[in-house]
Amino acid sequence: MQDTLIHKGRIAEFIHELMQDSQVIAPVSVGGQARFKPIESPEEVEWGYGNTTVSPTEFILPHSESLFQFEQRGTDFNLTYNIDNVNRTILGIRPCDVSSLRMLDEVFKGKYEDPYYLSRRNHTTLIAMMCLEPGGSCFCSSFGTGPGLDAEAGADLLLVDLGEAFYVQVFTERGQTIMERVASMGTPATSADREQVEVLAVQAASNMPRTLDLEGLPEAMGQLFESAYWDKISRKCLACGACTYLCPVCYCFDVFDTCSQAQGERVRCWDACTFKSFALLSGGHNPRPSIKESYRQKMYHKFKFAIERHGYALCVGCGRCLEACPVDMDIVQVLSGAKSQVVEVV
Amino acid sequence: MTHTATQVRGLVEVVDEHHPEAERVPVLTRARSGTSIMVDTEKTERIRERVRGLLSEGRVEYFIGYEAGSDPLHVSPSFVQQTDEVEHLVWNLMSINNLVTYLKRYRKQRMGLLVKGCDSRSVIELLKLHQVKRENVYLLGVPCTGILDPKKVAARCNPAAILAIREDHDLVFIEVGVEGRTDEPQVLEFEKHDLLFDKCRSCDYPNPLVYDELVGDPVPVRARVGGKFEDVEHLEQSSIEERLSFWQEQFNKCIRCYACKNVCPMCFCAECLWEKRDPQWVTKYPNPNDTFTFHMIRAYHMVGRCTGCMECERVCPVDIPLGTIFKKIEKDCLELFDYQPGLELDVVPPLSTFDEGDQSQEDLLR
Ligand code: SF4
Ligand code: SF4
Ligand code: SF4
Ligand code: SF4
Ligand code: SF4
């Protein structure tokens, strides 16, 4: 598949073309902060953003969604399912967030298929943006989930900012179809352009400010479950939902009904294992009674159970959990610290 | 006032070729290599010495201070229980967290706590509301010369490239460069005032108002630039429709992560309405009405209680200007009741008392 250069002067036209048959989701300024939102015109796009605080994966697994409406009819119920099949294009999604969707896929189309998630996922085109300057909390290169992107990651197209123009790399058939439609807007990329992209990728990776060495981590955690280390580490945690809600790989949800008289709806919305009441059972027992247990659960789910179950950690190194944490809880430091505990014991 | 900055490097770090002469004190291993955490040596040493004393005398079970954070822009709360952990403690110009918020978790234990001027006001208000016992807390007060706002720093230089931040009187020097790149690091110079948190720029009480001992000489109040209530006054002048649309846009960003509520030292209900499961009064579904109600309930509950520590605003991941709400309340409280929370222990909060001279309901609604 031929790579293309689209001059920045023609990018508005490109976006217009995307808007013909899909809702385009791109980073815009909302109340002073960059966030992915549906745009009405290409001018709204904020190109100068880093990684947004809230991941655009919220358009695939939204904070909350109505699953179905119900209405009582005599002795029976009428159900109306809300399957979202709007065509969307997420423009400018970062490599780490693209990779997070692959991990969510495992959850929502593994043993049980979740029609709500899958419909949105299948109706969404991903046009990724390569990272040239990693943010201060990024460590995606530790997982191979950024700052560049390969064809397997699941994006349809990848844009690379070359200053005057965007280099466009095609990964999928869907991406190819888009590029055919906009063929008149670009010129074929040369091998010099390709080289420039490669240089930028190497540079970005070498500027990655943090690294996490996963080697031996699940084994170390296996020995550490009862350790006082978790008590010590978690003491500063405020049991909020900032790190979980912003994590593009966290997927825990809560389901509840809202009713008024004979009708209502069933809603699914994000939940966070870091909240105190997350594990509360009916009857009042809480198997994770304190912050130690809840924070530990978060770490074990992502870095032990997930690695054992799926072969990878539920983390793409986007750094949002650190960036948003009121008390500067640094996941890289917490996990490296866990490993060194075991080394010390041995 | 002197500020000697000392180079404190993580144990994993290589030799610092840029400051070969600087003293190296190992702290906890940090994730980001190549960076340095600068500390105020005098205060840091004093804090460590006193905490060592408090722990070995059995005065406190825990001492809560600050330790080096994930990068030069941050410190992190530090819980010290044993004397050999005392070396983790630091004090520098990033020491922002209001550690008083942890007191609600340790009501029955003897705790030691580091407090700045603003933080000490939270302690006073908690004492008035009988949430802590004075004899259970040992307060090390730090006269504070202002804390840098990481967002303001990030607006001026790439946070990923910051290697060290150092201050000299009213100037701040930020060393930038990228590990792995061969270019010489650059040193950028800023007026400290421009990088301070807004609350520090208009701080009336830099010296703790309640403490057991101070770890430095009291400092003068910083000359204020602009009014403290500027943002509130600006909003007050706009129409009710404009205000509504302003707050709607802001609250629509809210993800209901409750960081603002959980960080607040004055939000101390043992069971919070917003997280209660049995019965569940509100769901986690961030519909606009619930979110609006969430913020308004917090606002009403904070009348005469919020001491303006601005932690809620600092921690909001989606940058909602929550401080403006609480400044509005502070301003109203001051105008209507001539009361400012967190100042004097023996003045009763306005909502805990009744005075015939209070303005009538008609006056309030005018
Ligand atoms: S964001 Fe920080 S304080 Fe909040 S739950 Fe996560 S680790 Fe704890
Ligand atoms: S755990 Fe943290 S760094 Fe990893 S994907 Fe989630 S938010 Fe990003
Ligand atoms: S984590 Fe990697 S992919 Fe994500 S924003 Fe940072 S550099 Fe880009
Ligand atoms: S911290 Fe911000 S996003 Fe989180 S609940 Fe508070 S206002 Fe909403
Ligand atoms: S409401 Fe905000 S400013 Fe007021 S005490 Fe709580 S955290 Fe501090």
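The values are calculated or read from the model by the stated rules, or taken from the named source; none is laboratory data. As the structure is a prediction and not an experimental result, all values here were calculated from the model. Using ideal geometry, Cβ is built from the backbone for each residue, glycine included, and neighbour counts are taken over all protein chains shown. Just so you know, the surface numbers come from the protein's heavy atoms only, side chains and all, with ligands and any DNA or RNA stripped out. Shrake-Rupley method; radii C 1.70, N 1.55, O 1.52, S 1.80 Å.
Straight Cα distances below 16 angstrom link A:Lys298 to the lysines A:Lys232, A:Lys236, A:Lys276, with same-chain residues fewer than 8 positions distant left out. Packing, as the average of other Cβ atoms within 10 Å across residues, places the peptides B:337-350, A:275-288 in the order B:337-350, A:275-288, highest first. Residue by residue, region A:53-70 carries 3J(HN,Hα) couplings of 4, 9, 6, x, 4, 5, 8, 10, 10, x, 3, 8, 8, 7, 7, 7, 9, 10 Hz when phi is fed to the Karplus relation 6.51 cos²θ - 1.76 cosθ + 1.60 (θ = phi - 60°); x denotes Gly or Pro.
Quick one: which of A:Lys37/A:Lys302; A:Lys292/B:Lys192; B:Lys128/B:Lys331; B:Lys192/B:Lys328; B:Lys128/B:Lys228 span more than 30 angstrom between C-alpha atoms? In this structure, A:Lys292/B:Lys192 lie more than 30 Å apart at Cα. Close amide H pairs (under 5 Å, H built 1.01 Å from N) link B:Tyr138 with B:Met111, B:Gly112, B:Leu113, residues at least 5 positions away or on another chain. For region B:131-192 versus region A:316-346, the spacing of their alpha-carbon centroids is 22 Å.
To the nearest 10 degrees, how steep is helix B:322-337 against the longest Cα principal axis of chain B, on a 0 to 90 scale? Value to nearest ten degrees: 50.
Overall, the accessible surface of chain B at a probe of 1.4 angstrom is composed of carbon and sulfur to the extent of 51 percent. Taking amide H as placed 1.01 Å from N in the peptide plane, A:Met129 has its amide H under 5 Å from the amide H of A:Gly92, A:Ile93, A:Arg94, A:Leu159, each at least 5 places away in sequence or on another chain. In terms of its C-alpha gyration tensor, region A:217-345 has a prolate overall shape, because the principal axis ratio a/c (a ≥ b ≥ c, square roots of the eigenvalues) is not below 1.5 and a/b outweighs b/c. The C-alpha atoms of chain B define a longest principal axis, and helix B:240-252 lies at about 50 degrees to it. Applying a DSSP loop filter and a limit of 12 other Cβ atoms within 10 Å to the GluC sites (Glu not before Pro) in region A:114-207 leaves A:Glu164. Loop only per DSSP, at most 13 neighbouring Cβ atoms within 10 Å: give me the GluC sites (Glu not before Pro) in region B:194-277, ordered by residue number. Those that pass, being in a loop and sparsely packed, are B:Glu271. For region A:310-325, putting each phi into the Karplus relation 6.51 cos²θ - 1.76 cosθ + 1.60 with θ = phi - 60° gives couplings of 10, x, 8, 7, 7, 7, 10, x, 6, x, 5, 5, 6, 4, 8, 6 Hz, in residue order, rounded to whole numbers and with x for Gly and Pro.
In order along region B:211-224, phi translates into HN-Hα couplings of 6, 9, 7, 9, 9, x, 6, x, 10, x, 6, 5, 4, 7 Hz, rounded to whole numbers, per the Karplus curve 6.51 cos²θ - 1.76 cosθ + 1.60 with θ = phi - 60° and x for Gly and Pro. For region A:162-293, the gyration tensor built on C-alpha atoms gives an oblate shape. Its axis ratio a/c (a ≥ b ≥ c) is at least 1.5, and a/b is not larger than b/c. The relative contact order of region A:1-126, computed from alpha carbon pairs under 8 Å that lie at least 6 residues apart in sequence, is 24 percent. The mean sequence distance of close C-alpha pairs (under 8 Å, at least 6 residues apart), as a share of the length of chain B, puts its relative contact order at 14 percent.
Here B:Lys199 is the anchor, and the aspartates and glutamates within straight C-alpha reach of less than 15 Å, apart from those fewer than 8 places off in the same chain, are B:Asp119, B:Asp149, B:Glu230, B:Asp231, B:Glu311, B:Glu313, B:Glu330. Counting, for every residue in A:318-328, the Cβ atoms of other protein chains within 10 Å of its Cβ and taking the mean gives 6. Distant-in-sequence amide contacts of A:Arg88, defined by a placed amide H-H separation under 5 Å and a gap of 5 or more residues or a different chain, comprise A:Gln23, A:Thr124, A:Thr125.
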